[in-house]
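Notes follow the structure.
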Amino acid sequence: MKKILIVVLVVVVLLVFYVWTGYNNFVKANEGVTNQWAQVETQYQRRLDLIPNLVNSVKGIMAQEQKVFGDLAEARTRYSGALSVEDKVNAANQVETSLGRLLAVMENYPQLKSAENVQTLMVQLEGTENRISVERGRYNNNVRDFNIMAKRFPSSLIAAMFGFKEKSYFQASQGAENAPNVAF
């Protein structure tokens with residue numbers, strides 16, 4: 001009887017240890033996803049900070065393009081007011097679309113290309129776009145790792161027990177693969 005009790009006790013201790021370790025792994029993976037999203041947001045904020053400088057640099061020359069400026073300002077406001085990750089992704093996609101239209105319009109103004117401050121801002125914006133792309137990729141990798149943990153057996157039992165739910169990948173908005181169309 002004593003041997004059976006010891007075996008049961010060892011099994012219970014191992015089970016508790018497994019659940020404890022599994023829970024801690026989920027906490028770590030969840031924080032990894034959250035941290036990586038914060039990195040994406042940091043780059044979004046950098047982009048949003050650069051946009052007004054770019055707009056102000058080109059506004060005087062491009063007075064007839066007020067709709068593009070208005071769309072960009074609205075997109076920035078929507079991003080600032082977004083609360084959930086999905087809302088922020090949608091707002092960031094709107095910023096990208098509006099920014100793409102601004103950049104396409106700028107291509108038709110040769111005097112802008114030669115302006116030093118515009119060139120500097122464009123280089124900074126290009127670097128920021130590259131950083132955003134890298135951080136989004138890292139975010140999606142962290143989400144993949146978390147989702148694999150949440151779906152694999154037996155860790156899926158721990159995920160269900162403690163309420164760890166599958167995370168959403170960052171996905172570009174529909175139509176983002178198309179270049180903006182600007183007509184004069």
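The values are calculated or read from the model by the stated rules, or taken from the named source; none is laboratory data. Predicted model, so just to flag it, every value in this text is computed and none were measured. Note that each Cβ is placed from the backbone with ideal geometry, even for glycine, and that neighbours are counted across all protein chains shown.
Observations on the structure shown:
- The combined condition, being in a helix (DSSP H, G or I), loosely packed, with under 11 Cβ neighbours inside 10 Å and basic (Lys, Arg), is not fulfilled by Lys88.
- Only one of Thr42, Thr34, Thr21, Thr97 that is free of Cβ contacts under 8 Å to residues at least 24 places away in the same chain and within 17 Å of the chain's Cα centre (by Cα): Thr34
- Options Leu48, Leu5, Leu54; residue that is exposed (fewer than 15 other Cβ atoms within 10 Å of the Cβ) and of a type in the set (A, V, I, L, M, F, W, C): Leu5
- Residues of the stretch 136-184 satisfying the condition of being among the aliphatic types (A, V, I, L, M), closer than 24 Å to Val85 by Cα, in contact with a Lys or Arg (Cβ under 8 Å, 6 or more places away or on another chain) and modelled with pLDDT under 90: none
- Scanning the stretch 16-34 finds no residues that are surrounded by fewer than 16 Cβ atoms within 10 Å (Cβ to Cβ), of a type in the set (Gly, Ala, Ser) and assigned to a helix (DSSP H, G or I).
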